[in-house]
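This report concerns only the one structure given below.
The values are calculated or read from the model by the stated rules, or taken from the named source; none is laboratory data. Since we're looking at a predicted model, the values are computed, not measured. Glycine also receives a Cβ, built like all others from the backbone with ideal geometry; neighbour counts cover every protein chain displayed.
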């Protein structure tokens with residue numbers, strides 16, 4: 001995509017500080033012991049990520065990365081075990097709820113996109129007051145919807161409150177989402193919608 005990327009070991013905090021953006025990927029950090037993302041959130045590298053977030057650096061957390069961001073308190077709410085307590089891997093239709101962040105700037109508000117999920121602990125939860133704050137501040141980035149764009153129960157793969165699939169921090173430079181955009185970067189994989197998310201980050205950095 002015309003942008004150099006580095007895989008950085010979690011102890012190599014010096015190299016991380018040199019980056020223009022950070023992606024915390026999916027996976028099973030520390031085997032998901034205690035809670036998914038709980039141990040990773042308490043490693044020293046996350047102190048650097050917090051500093052970078054405060055400086056306005058784009059931080060994207062995908063799946064387990066989303067869990068790490070909530071456990072680190074960089075994003076509000078929590079990720080719980082799926083309503084049907086099994087690992088789910090499937091394509092989902094998402095509705096873009098805002099496009100004023102680096103991650104969503106390449107989309108139109110209300111646009112329907114296809115990105116797959118693969119998780120067991122992806123059910124987003126927040127308090128009533130927290131949800132009101134997210135909605136009022138336009139910090140909900142993506143919702144699970146059906147093919148008609150409706151966020152109903154049948155389109156909700158994990159029981160997330162209000163069908164939430166991804167959220168932003170108040171500054172909109174930190175985003176977490178359970179779907180995997182890196183798995184939707186080529187038409188051969190079934191969708192290129194995830195690629196536009198990465199392109200938005202790159203464009204933000206260049207500006």
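Pairs are defined by a Cβ separation below 7 Å, a sequence spacing of at least 6 or placement on different chains, a first member in segment 45-72 that is more than 21 Å from residue 180 (Cβ to Cβ), and a second member that is at pLDDT below 95 and part of a helix (DSSP H, G or I); the pairs so defined are 45/13; 45/16; 48/13; 48/16.
Here segment 31-51 is the region considered, the condition is being assigned to a loop (DSSP other than H, G, I, E, B) and surrounded by 14 or more Cβ atoms within 10 Å (Cβ to Cβ), and the residue that is modelled with the lowest pLDDT is 35.
Residues being under 22 Å from residue 74 (Cα atoms), in contact with a helix residue (DSSP H, G or I) (Cβ under 7 Å, 6 or more places away or on another chain) and surrounded by fewer than 20 Cβ atoms within 10 Å (Cβ to Cβ) are entirely absent from segment 142-160.
Scanning segment 132-147 for residues that are assigned to a strand (DSSP E or B) and either over 19 Å from residue 91 (Cα atoms) or without any contact (Cβ under 8 Å) to a residue 12 or more places away in the chain (or both) gives a single hit, 140. Taking the criterion of being closer than 12 Å to residue 141 by Cβ and out of contact with any strand residue (DSSP E or B) (no Cβ under 7 Å at 6 or more places or on another chain), the only residue of segment 104-120 that qualifies is 105.
Taking segment 153-184 as the region of interest, how many residues are farther than 16 Å from residue 113 by Cα and part of a loop (DSSP other than H, G, I, E, B)? Selection size over segment 153-184: 8.
Restricting 150, 121, 129 to residues that are part of a helix (DSSP H, G or I) and modelled with pLDDT of 95 or more narrows the list to 129.
So is residue 95 part of a strand (DSSP E or B), on the phi < 0 side of the Ramachandran plot and without any contact (Cβ under 8 Å) to a residue 60 or more places away in the chain or not?
Answer is yes for this residue.
Here residue 83 clears all of (1) in a loop (DSSP other than H, G, I, E, B); (2) farther than 23 Å from residue 197 by Cα; (3) free of Cβ contacts under 8 Å to residues at least 40 places away in the same chain except the condition numbered (3).
Anything in segment 185-207 that is touching a helix residue (DSSP H, G or I) at 6+ places or on another chain (Cβ under 9 Å), without any contact (Cβ under 8 Å) to a residue 40 or more places away in the chain and either within 14 Å of residue 107 (Cα to Cα) or not in a helix (DSSP H, G or I) (or both)? List them, or say none. Those that are touching a helix residue (DSSP H, G or I) at 6+ places or on another chain (Cβ under 9 Å), without any contact (Cβ under 8 Å) to a residue 40 or more places away in the chain and either within 14 Å of residue 107 (Cα to Cα) or not in a helix (DSSP H, G or I) (or both): 185, 186. I'd like to know if segment 52-61 contains one or more residues that are closer than 27 Å to residue 153 by Cβ and not in a loop (DSSP other than H, G, I, E, B). Within segment 52-61 (the criterion being closer than 27 Å to residue 153 by Cβ and not in a loop (DSSP other than H, G, I, E, B)), the answer is yes, since at least one residue qualifies.
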